[in-house]
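Worksheet: the structure to be examined is printed underneath.
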Amino acid sequence: MSMKKAIGIIDSGVGGLTVAKEVMRQLPREKIIYFGDNARCPYGSRDSQEIRLFTNQLIQFVSRFELKALVIACNTAASVVLHEAKERLDLPVLGVIEPGARAAISATRTGRIGIIGTEMTIRTKAYVEALRAINPDLYAVSLACPEFVPLVENRLLHTEDAWQTVRDTLAPLKNEKLDTLILGCTHYPLLAPLIRKAMGDDIFLINSAEETARELSTLMAIQELHRSSGESGDHDHLFFTSGDPAIFKEIGEEWLQVPIHVEQRNLEEQLFL
């Protein structure tokens, strides 16, 4: 039965753990199959053809398991592949862009919204288009932050270099009079304390991971996909990485606050879907 199937979550690395954490919190009975493509992270500076290839390899891998839904947790991947994945796969597929845009519109008081993301996410204007599809009168400004993902993946979050990088990168947004800032990459919530310090306490940070998990929960309720009985403990979740499993495990357990088992898999051998 579909209720017993798992939720697939794919990401370019550890950033999608922010989505996994919210899914675990909001849907504690559900089982997660997670794959982080750490060996080829970051995706944001790659071209769309390469991003499409890598993302389809991720989708093919997690599709080996019985899934009830798939979350493309990487903003960069979602901006390139989400629509075609929805058309091709016979299950609910969610990205993180539209949920984040809707949350930002609900949060803003002045209609001045900033978006930070990878180079590809910003280049596609996916967030700006999602915002203006709902409210064309919004003021939206975007900023690519290519140095942020390596800070997370290389475990530099708590260093002085991380603070200086975040402060200097976000400096162009300081004079934009923003009241809401979309963290347009699932890695960025791990940098939220530094981002808030740089931007000030008055700005509302939108964590797309929280909104995506909320929409996933609603969608599963509508389609009656929730597990109705039994429990899925942390040991039931499966975590895979194309990179170093020890590093992934260290970051994952720090963020999720539960023990996890991580296995390494090589995606280079996956066929293009």
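Among the residues of segment 187-210, at least one is surrounded by 15 or more Cβ atoms within 10 Å (Cβ to Cβ), at pLDDT 90 or above, within 23 Å of S12 (Cβ to Cβ) and in contact with a Ser or Thr (Cβ under 6 Å, 6 or more places away or on another chain). Within segment 43-57, the residues that satisfy the criterion of being buried (at least 19 other Cβ atoms within 10 Å of the Cβ) and within 22 Å of I122 (Cα to Cα) are Y43, G44, R46, I51, F54, T55, N56. For L190, state whether it is out of contact with any His (no Cβ under 8 Å at 6 or more places or on another chain), assigned by TED's automatic domain parsing to the domain that holds S106 and within 23 Å of L138 (Cβ to Cβ). No, not satisfied.
The values are calculated or read from the model by the stated rules, or taken from the named source; none is laboratory data. Just so it is clear, the structure is predicted and the values come from calculations on it, not from any experiment. Note: ideal-geometry Cβ built from the backbone for every residue, glycine included; neighbour counts use all protein chains shown.
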